[in-house]
Amino acid sequence: MSLAPEVASAIDRAVESCEAELASLAARIHAHPELRFEEHQACSWLGEFLTSHGHAVERGIAGLPTAFRARAGRGAPRVAILAEYDALPGVGHACGHNLIAAGAAGAFVAAARVIEAIGGEVVLLGTPAEEGGGGKISMIDAGVFAEIEAAMMFHPFDRDLLAHTALASLWLKCEFKGQPSHAAIAPHAGRSALTACLDTFRLVDGQRVHFRDGVRVHGYVTDGGQAVNIIPERAACEFSVRALDGEELGRVRGIVERCARAAALASDVEVSVTVVHGYRDMVNNMALARRFGAHVRSLGRQPRERDASIGAGSTDMGDVSHVVPAIHPWLAIVPEGEALCHERRFAEAAGSPAGVSTALMAAKAMARTAIDYLADGDLRAAVSSEWAARAR
Ligand SMILES: [Zn+2]
């Protein structure tokens, strides 16, 4: 790595000097969970922290009230550090986005302290609604990433991984319309929407033998009928479809749609299928991920590059990774195997001292990596040649 040791230690000291503020930021956001696009309090606390460190904050960018941007340095190359801060219904900060927010804010403030001597620009992006709202997609569409050369964030987990799969995803909503009749007096006169709905699940299960590795199809019935003595006129279900890449996602989407149509045919009912686009798969830029890993190692942890033994979800950072070279490393806040994202035990860990200490380490590693990227032309060349050669 080309980052001068005195620059690395200046970054580390800068993070340490706002340790108490960052811990308080993480704790406040944790104690006040806000759902997607409603993260007003988290944004205002993050804004206060940045302003108190002398940074101007542009709020409401990309037409999203809870998105924001701050800049340090001036001009290209520009590297972005991304914050998330939304919580989940029922389980609060069970994905640890409060730690992502504190880590990103700390990384930005620390990078800002050394950037004048390096050149280029570090951009902090506050990205709302990772949990199902796709704030980053709106920000991509609004051109926020057009000036950015590389982007990074970290995510809490139960192990340290430099790169991990994030699945391409979409939702399929199927609505069946049949013919109601009295289920006892005239069952022969009805056509059951519910039968078609349930047959869809059975047909999809039969197709699983043809799915490639990494595919996930899971669903539930959202409307199963109106009364026990009426042959159901309307029934509906929803599936989440995920795959390792967009091509397989499209293929499996076609299979699920075909199953719904076949089920409708069998019951002589009508079906309408609506597709809601989710997130793209994550393209991890390994040149940048490995450099992040070198900094994490020098900060005393031993990240693995990948771990195929653990499952994967989906994130709108995947969409970002198709627009600019990006990394989304995972860092442990619990002992391996103890808890995973979206569990109550993970929410507790996101509010624990271990969670905060991981966020502080992540802040140092991200600030070092961002400054390293701006300082090291060879790293930038490696990142962009890997980007140019990626599979599309
Ligand atoms: Zn998350």
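No lab work stands behind these numbers, since they all come straight from the coordinates. What you are looking at is a predicted structure, and each value in this text was computed from that prediction instead of being measured. For neighbour counting, all protein chains shown are included, and Cβ atoms are generated from backbone atoms with ideal geometry for every residue, glycine included.
What's the center-to-center distance, using Cα atoms, between the stretch 358-392 and the stretch 275-303 in Å?
Measuring centre to centre over Cα atoms gives 9 Å.
Please report the relative contact order for the stretch 237-350, taking Cα pairs under 8 Å with a sequence separation of at least 6, and give it as a percent rounded to a whole number.
Normalised by residue count, the contact order of the stretch 237-350 is 24 percent.
Restricting everything to alpha-carbon atoms, can you work out Rg to Rh for the chain with a Kirkwood hydrodynamic radius?
Reported Rg/Rh, Kirkwood definition of Rh: 1.06.
Could you list, bin by bin from short to long, the percent of Cα-Cα pairs of the stretch 132-275 in 10 Å steps?
That works out to 11, 30, 26, 18, 10, 4, 1, in percent per bin.
Sequence gap at least 6, Cα distance under 8 Å: using those rules, report the relative contact order of the stretch 132-192 to the nearest whole percent.
17 percent
Helix 19-31 sits at what angle to the longest principal axis of the chain, using alpha carbons and giving 0 to 90 degrees rounded to 10?
Result, in degrees: 10.
For all pairs of alpha-carbon atoms in the stretch 76-166, what percent lies in each bin of width 5 Å, listed from the first bin to the last filled one?
3, 13, 20, 23, 21, 13, 6, 2, 0, 0
Averaging sequence separations of C-alpha pairs under 8 Å and six or more residues apart, then dividing by the length of the chain, give the relative contact order as a whole percent.
24 percent
Give me log10 I(q)/I(0) at q = 0.17, 0.25, 0.28 Å⁻¹ for the stretch 306-363, Debye formula, one equal scatterer per alpha-carbon, no solvent.
-0.71, -1.15, -1.20
222 nm [θ] for the chain, helices only, -39500 (n - 2.57) per DSSP H run of 4+, per residue, to 500?
Computed ellipticity for the chain at 222 nm equals -13000 deg cm²/dmol.
With a Förster radius of 35 Å, plug the Cβ-Cβ distance of A381 and S357 into 1/(1 + (r/R0)^6) and report the FRET value to the nearest 0.05.
0.55
Taking the number of other C-beta atoms within 10 Å as the exposure measure, put D281, D268 in order starting with the fewest.
By the 10 Å Cβ count, ascending, the order reads D268, D281.
What is the local net charge at C18, summed over the other residues whose Cβ is closer than 13 Å to its Cβ (Lys, Arg +1; Asp, Glu -1)?
Residues close to C18 contribute a combined charge of -2.
For the stretch 113-168, which semi-axes, largest first and in whole Å, follow from the square roots of 5 times the eigenvalues of its Cα gyration tensor?
After diagonalising the Cα gyration tensor, the semi-axes are 24, 19, 10 Å.
Could you list the residues of the stretch 137-176 with an amide nitrogen less than 19 Å from a label point located 7 Å from the Cα of Q207 in the Cα-to-C-beta direction?
168-176
What is the P(r) of the stretch 293-338, as percent of Cα-Cα pairs per 10 Å bin from 0?
Percent of Cα pairs in each bin: 19, 45, 34, 2.
Full extension from H342 to A31: what is 0.36 nm times the residue separation minus their Cα-Cα distance, to one decimal in nm?
Additional length available on full extension: 110.4 nm.
Please state, as a whole number in µm²/s, the translational diffusion coefficient that the Stokes-Einstein equation yields for the stretch 1-72 at 10 °C and 1.306 mPa s, with Rh defined as the Kirkwood radius across alpha carbon pairs.
Answer from the Stokes-Einstein relation: 114 µm²/s.
Taking θ as phi - 60°, what are the ³J(HN,Hα) couplings along the stretch 101-118 by the Karplus curve (6.51, -1.76, 1.60), each to the nearest whole Hz, with x for Gly and Pro?
4, 5, x, 5, 5, x, 4, 5, 4, 5, 4, 4, 5, 10, 5, 4, 6, 9
What list do you get for M361, M153, M366 if you sort them by fewest beta carbons within 10 Å?
The order, fewest Cβ neighbours first, is M361, M153, M366.
Above 20 angstrom, tally the Cα pairs of the stretch 1-159 and express them as a % of all pairs, no decimals.
47 percent
Going by C-beta contacts inside 10 Å, put S385, S357, S352 in order with the fewest on the left.
Going from sparsest to densest Cβ surroundings: S385, S357, S352.
How long are the semi-axes of the equivalent ellipsoid of the stretch 50-109, defined as square roots of 5 times the Cα gyration tensor eigenvalues? Whole Å, largest first.
Taking √(5λ) for each Cα gyration eigenvalue gives 24, 14, 11 Å.
Determine the distance separating the Cα centre of the stretch 333-356 from the Cα centre of the stretch 193-219; give it in Å without decimals.
33 Å
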